[in-house]
Amino acid sequence: MGANLERIPFTLEMGLVIERLQDGETHMLLPAGRGNHNLVGTVHAGAVFTFAETVAGVAAGADTLEHGFPFVRSARVRYLRPGDGELHGHASVEAEDVARVLAELSEYGRSRLSVSVKIEDTEGRLVAELDVDYAFRPIAGEKK
């Protein structure tokens, strides 16, 4: 199954791009100029949030989607500066956390995982941080 942005209809129009998805690291791009801006020309706070949650979701599901799907339980966002132009999102999930999630899904039919995301502008300035708590449930047809 794996990460596939075309499977997320809500974010298709945003033009999100997975730049790197390897070794627990997720790097994504929110392109400039795709209708993601507010009245003053900076990236809309809702677009920043949606982008950050998508980065976290891709990171959470990169190595787990064959067995379970991550659903958001809660999210905390900190907006630090207006986003201008394209934005870059970064998140990581440790191999030990993936192993734990898969073991809990197998044994209990559920698990949880927290993912932190940093959103930066092209100059590397921090625009926002997001912490997302996910609940995993088995993919339809899986046991438990």
Inside region 72-115, can you point out the residues that are in contact (Cβ under 8 Å) with a residue 40 or more places away in the chain, more than 18 Å from Thr26 (Cβ to Cβ) and of a type in the set (Asp, Glu)? Asp84
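Quick one: is Ala45 out of contact with any Ser or Thr (no Cβ under 8 Å at 6 or more places or on another chain), closer than 23 Å to Arg137 by Cα and surrounded by fewer than 18 Cβ atoms within 10 Å (Cβ to Cβ)? Walk me through how you get there before you give the answer.
Working: out of contact with any Ser or Thr (no Cβ under 8 Å at 6 or more places or on another chain): yes; closer than 23 Å to Arg137 by Cα: no; surrounded by fewer than 18 Cβ atoms within 10 Å (Cβ to Cβ): yes.
When the stated conditions are applied, Ala45 does not pass them.
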Within region 31-46, is there a residue that is in a loop (DSSP other than H, G, I, E, B) and under 20 Å from Arg20 (Cβ atoms)? yes
For Phe51, state whether it is in a strand (DSSP E or B), among the aromatic types (Phe, Trp, Tyr), on the phi < 0 side of the Ramachandran plot and touching a Gly at 6+ places or on another chain (Cβ under 8 Å). no
Checking Ala56 against (1) within 21 Å of Gly124 (Cα to Cα); (2) exposed (fewer than 13 other Cβ atoms within 10 Å of the Cβ); (3) among the aliphatic types (A, V, I, L, M): exactly one of these is not met. Which one? (2)
For region 14-35, indicate whether the set of residues that are within 22 Å of Ser114 (Cα to Cα), in contact with a Phe, Trp or Tyr (Cβ under 7 Å, 6 or more places away or on another chain), surrounded by fewer than 18 Cβ atoms within 10 Å (Cβ to Cβ) and of a type in the set (A, V, I, L, M) is non-empty. no
Examine region 27-50 for a residue that is in contact (Cβ under 8 Å) with a residue 60 or more places away in the chain and among the small types (Gly, Ala, Ser), and state whether such a residue exists. no
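Is it the case that Phe69 is closer than 19 Å to Phe10 by Cβ, in a strand (DSSP E or B), in contact (Cβ under 8 Å) with a residue 12 or more places away in the chain and among the aromatic types (Phe, Trp, Tyr)?
Yes; evaluated as a whole, the condition is true for this residue.
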Among (1) over 16 Å from Leu65 (Cβ atoms); (2) at pLDDT 95 or above, the one test that Asp97 misses: (1)
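Mind counting the residues in region 70-103 that are among the hydrophobic types (A, V, I, L, M, F, W, C), crowded, with 18+ Cβ neighbours inside 10 Å and in contact with a helix residue (DSSP H, G or I) (Cβ under 7 Å, 6 or more places away or on another chain)?
Narrowing region 70-103 to residues among the hydrophobic types (A, V, I, L, M, F, W, C): 71-72, 75, 77, 80, 87, 91, 93, 95, 98-99, 101-103.
Keeping just the survivors that are crowded, with 18+ Cβ neighbours inside 10 Å gives 87, 91, 93, 101.
Right, trim to in contact with a helix residue (DSSP H, G or I) (Cβ under 7 Å, 6 or more places away or on another chain) and you get 87, 91, 93.
So the count comes out to 3.
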Filter region 115-144 down to residues that are among the small types (Gly, Ala, Ser), out of contact with any helix residue (DSSP H, G or I) (no Cβ under 7 Å at 6 or more places or on another chain) and buried (at least 16 other Cβ atoms within 10 Å of the Cβ), then give me how many there are. 1
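The values are calculated or read from the model by the stated rules, or taken from the named source; none is laboratory data. Being a predicted model, the structure only gives us computed values, none of them experimental. Every residue, glycine among them, receives a Cβ derived from its backbone with ideal geometry; neighbour counts consider all protein chains shown.
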